[in-house]
């Protein structure tokens, strides 16, 4: 049966109709299925292969073709899923017809997409600020705290200083109390040891860890503690970071304040709390080269999670090389 390249095979049309009527898939999902199955049909036409005679080798070749076109692993995985679904439907349809007619299924005995996997997704590197950008942000927060001398500005400086100093997750930071409470009704998730300059937090998997806090960050935190304790609402909460009304600070507030401060500091990128954690890890690793220490401070269960920052470190070295090495400069222009 000769099918025009722009015309969907009748069995593809029937399958899409069933997805629409029986499974009631959304218009968006159906559009994706149609596009992927149309691409399958296009590959078959290019290689002069009947859709019902496609083999596992054909599918592997076409998946490679998608990859060579620059398609992402996610896009290829979606296409393979659509192809696999159609061939599963065909196999079941053929088997039902064979049973009804009391004969063996002839057209498809196995799904040609079985065991074909998309290429592994490349793990995207976390976005981190440069040392100069991180310092510009912290300095902006400290400057505003000194100029405005109000509760929000002093609190924001302490938050940003602590995020960059200790690499905490936002949830860990917001769980910190002014001091440790061992009350069974309200046991602290985290707390600051003001004398030891150390913060203890409850991380993923319910694991506690203690992380040192640098002297500049401790100075910002002490200024915040004085301002916080002088607030009329301070007695309402044991939380270290509170709003103007005394409530424990929300994630959205921290995200918004950080974004605004970054803009005022002239940073060319959207800054979020987790970026401060990435920046902390990357910069400490650049200076110390101690992967195990960074793993412990971040609270990673596996060293593999921390190793991604070695890639960021390599990027930093590569950029430094491009800027400084005479041969690197000579090759440009």
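Every number in this text was worked out from the coordinates using simple rules, so none of it is lab data. From a predicted model like this one, the values you see are computed outputs, not experimental measurements. With ideal geometry, Cβ positions are generated from the backbone for all residues, glycine too; neighbour counts draw on all protein chains shown.
Note that the stretch 44-90, at 37 °C in a medium of 0.692 mPa s, gets a Stokes-Einstein diffusion coefficient of 292 µm²/s from its Kirkwood radius over C-alpha pairs.
Consider all pairwise Cα distances in the stretch 10-100 and report the whole-number % of them above 18 Å. Summing the P(r) of the stretch 10-100 above 18 Å gives 46 percent of all pairs.
The mean sequence distance of close C-alpha pairs (under 8 Å, at least 6 residues apart), as a share of the length of the stretch 10-100, puts its relative contact order at 31 percent. Computed over the stretch 181-294, the convex hull of the alpha-carbon atoms projects to a mean area of 9.3 nm². Each principal axis of the Cα cloud of the stretch 131-326 was taken in turn, and the coordinate range along them, longest first, works out to 61, 38, 29 Å. Here r is the Cβ-Cβ distance between residue 230 and residue 74 and R0 is 51 Å; the resulting FRET efficiency, rounded to 0.05, is 0.45.
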